[in-house]
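Notes to accompany the following structure.
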2 protein chains.
Amino acid sequence: MLEIISKNNNKIKEAYALKMKKTRLEKGLFLMEGFKNLEMALAHGVVKTIFTSVPLSKVAEDIEVYKVNMDLIKKLASSKNPEGVVFVSEILKPRKKKNEYHKNIYLDRINDPGNLGTIIRSAAAFNYDAVILAKGSVDLYNEKVLASTKGSIFLIDVFYDDLANYKKSHKIIVSTIDKNSSPLSHLPKYDNFVLVVGSESHGVSEEYLHLADIKVNIPIDAKIDSLNVAIASGILMYHLK
Amino acid sequence: MLEIISKNNNKIKEAYALKMKKTRLEKGLFLMEGFKNLEMALAHGVVKTIFTSVPLSKVAEDIEVYKVNMDLIKKLASSKNPEGVVFVSEILKPRKKKNEYHKNIYLDRINDPGNLGTIIRSAAAFNYDAVILAKGSVDLYNEKVLASTKGSIFLIDVFYDDLANYKKSHKIIVSTIDKNSSPLSHLPKYDNFVLVVGSESHGVSEEYLHLADIKVNIPIDAKIDSLNVAIASGILMYHLK
């Protein structure tokens with residue numbers, strides 16, 4: 001295993017550059033940390049390069065593995081106390097055929113990285129087929145998003161697409177805070193649906209409201225404006241699963 | 001309205017000191033920001049001092065109001081783009097009689113401020129009577145907790161207490177990831193209960209598991225370890241409300 005000791009090494013610089021969205025898009029790569037995430041990424045066959053401060057069991061020959069010290073790990077990682085491994089992965093691609101996406105959640109411009117990551121984690125937990133993102137959402141490979149997915153990013157397809165592409169094939173169920181929409185408890189079960197959830201501050205945009213087959217709300221106390229979007233998504237996904 | 005221009009002014013120093021838990025406990029006061037929060041705190045009758053960069057409508061005579069510039073607002077506030085008002089409030093006290101706490105959630109050592117604040121917001125949205133905290137939870141008046149409550153801290157009682165005090169009067173429903181416990185969908189409704197949720201990394205402690213009348217789990221995919229604790233709490237509270 002080759003050892004890198006300088007932060008000016010090209011491999012380190014190239015990996016560090018992936019902290020920027022622009023570089024991630026250009027290279028089709030992203031940076032992630034942690035042993036459990038590495039294990040899941042390896043099972044997924046997307047790992048290109050590993051930087052590790054501890055010995056690793058054997059990995060496939062086409063993966064570059066470099067020994068580094070904790071200072072370099074800390075430079076590349078985003079958590080305060082990284083575990084000692086950082087790796088470069090290929091951007092993930094959808095793995096299912098078009099007609100295999102039955103249960104989906106569509107996120108309209110979610111801005112908070114923690115919310116996006118947590119919604120992905122919930123969607124994977126409830127066996128959804130995809131988390132689909134509208135343009136204008138926080139970047140999926142933002143390090144805070146990745147951290148809050150807790151590895152579930154490797155268990156569910158997450159991709160950008162236009163909601164209109166699902167209008168013919170799926171029930172479009174739009175979450176709103178409008179008390180005149182159906183309360184969640186009245187909602188029947190569907191086999192093919194896209195649950196649409198809007199941004200923290202603006203809700204679902206007009207464009208997507210027009211595509212709704214059903215509008216639904218989670219009844220809450222009149223003194224409270226809204227639920228946190230990840231909480232509302234969790235409750236809705238649990239119900240519709 | 002008196003104007004303060006120096007960051008060395010005693011009123012500013014006293015308010016700034018409330019960023020520390022130790023000072024909050026000593027003084028029985030905490031620091032908060034934002035117009036909506038101020039409005040709710042005023043309605044609650046707990047505001048002692050207001051620092052504002054913009055003219056305010058008249059407030060009660062026993063409240064001190066100081067005009068300050070945005071530099072001082074930024075010093076006292078915790079958000080990146082504060083709205084122009086920061087205030088000092090009395091620590092909140094429970095407002096109900098013992099026998100009026102019917103629907104409650106008990107949090108066993110929640111560490112993440114965002115999770116605690118979000119759970120308080122959900123509990124208020126679902127008309128719970130109290131959020132009760134075990135010792136060892138993140139401090140309620142931590143500024144990140146307060147920010148993520150979105151003002152709901154003034155709408156629901158939140159206090160520290162021992163779970164054992166509720167054993168005789170309430171059904172103790174403990175949330176677990178144990179697949180052998182009752183799935184949530186099998187759970188009946190209760191009039192008097194305490195829903196117990198454990199820490200992000202350790203779940204509910206043994207001490208509280210022993211007090212359980214019912215153990216419940218939210219069924220999830222076997223490949224996922226757990227839901228985020230605020231998501232699990234949201235789903236459970238919605239169901240039990």
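No lab work stands behind these numbers, since they all come straight from the coordinates. It should be emphasised that the depicted structure is a prediction, and the values quoted were computed from it without experimental measurement. Using ideal geometry, Cβ is built from the backbone for each residue, glycine included, and neighbour counts are taken over all protein chains shown.
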Residue mean of other protein chain beta carbons inside 10 Å, B:123-129: 4
Antiparallel DSSP beta bridges within the range B:2-90, as percent of all bridges there, nearest 5: 60
FRET efficiency, B:Glu14 to B:Arg95 (Cβ-Cβ, R0 41 Å, nearest 0.05): 0.95
Calculated from backbone phi, Karplus (6.51, -1.76, 1.60) coupling profile of the range B:156-161 in Hz, x at Gly/Pro: 9, 6, 10, 7, 8, 7
Gain on full stretching of the segment that runs from B:Leu56 to B:Ser169 - 0.36 nm per residue minus C-alpha separation: 36.1 nm
With 10 Å bins from 0: P(r) over the protein assembly as shown, alpha-carbon pairs, percent: 4, 18, 25, 25, 20, 8, 1, 0
Ratio Rg/Rh, restricted to the range B:2-90 and using Cα atoms, in which Rh is the Kirkwood radius: 0.92
Cα-centred dipole magnitude for the protein assembly as shown, charges only on beta-carbon of K, R (+1) and D, E (-1), debye, nearest 20: 160
For B:Leu56, inter-copy label distances in nm, listed shortest first [label point 7 Å out on the Cα-Cβ vector]: 5.6
Where the Cα pairs of the range A:152-196 fall when distances are cut into 10 Å bins, in %: 20, 43, 32, 5
Net charge of Cβ neighbours under 15 Å - reference A:Ile156; Lys, Arg +1; Asp, Glu -1: +2
For the range B:2-90: lysine pairs under 14 Å (alpha-carbon distance), excluding those fewer than 8 apart on one chain: 16
Proximal lysines to B:Lys189, defined as alpha-carbon separation beneath 20 angstrom and excluding residues fewer than eight positions away on the same chain: B:Lys103, B:Lys167, B:Lys168, B:Lys171, B:Lys215, B:Lys241
Aspartates and glutamates with Cα under 16 Å of A:Lys97, excluding same-chain neighbours fewer than 8 positions away: A:Asp129, A:Asp157, A:Asp161
Cα centroid separation, the range A:11-79 to the range B:1-24 (Å): 45
Whether the range A:198-241 is rounded, prolate or oblate, judged on the alpha carbon gyration tensor where a/c under 1.5 counts as rounded: oblate
Axial C-alpha extent at least 15 Å, average Kyte-Doolittle at least -0.5 - helices from chain B (DSSP): B:113-125, B:229-240
Rg(Cα) / (2.2 N^0.38 Å) computed for the range B:81-240, rounded to two decimals: 1.02
Sorted by Cβ density within 10 Å, fewest first, the residues B:Thr176, B:Thr23: B:Thr23, B:Thr176
Per-residue average of Cβ from other chains inside 10 Å of A:149-159: 2
Sorted by Cβ neighbour density within 10 Å, fewest at the top, the residues B:Lys96, B:Lys48: B:Lys96, B:Lys48
A:Leu2-A:Asp213 pseudo-label distance in nm [points 7 Å out on the Cα-to-Cβ vector]: 5.4
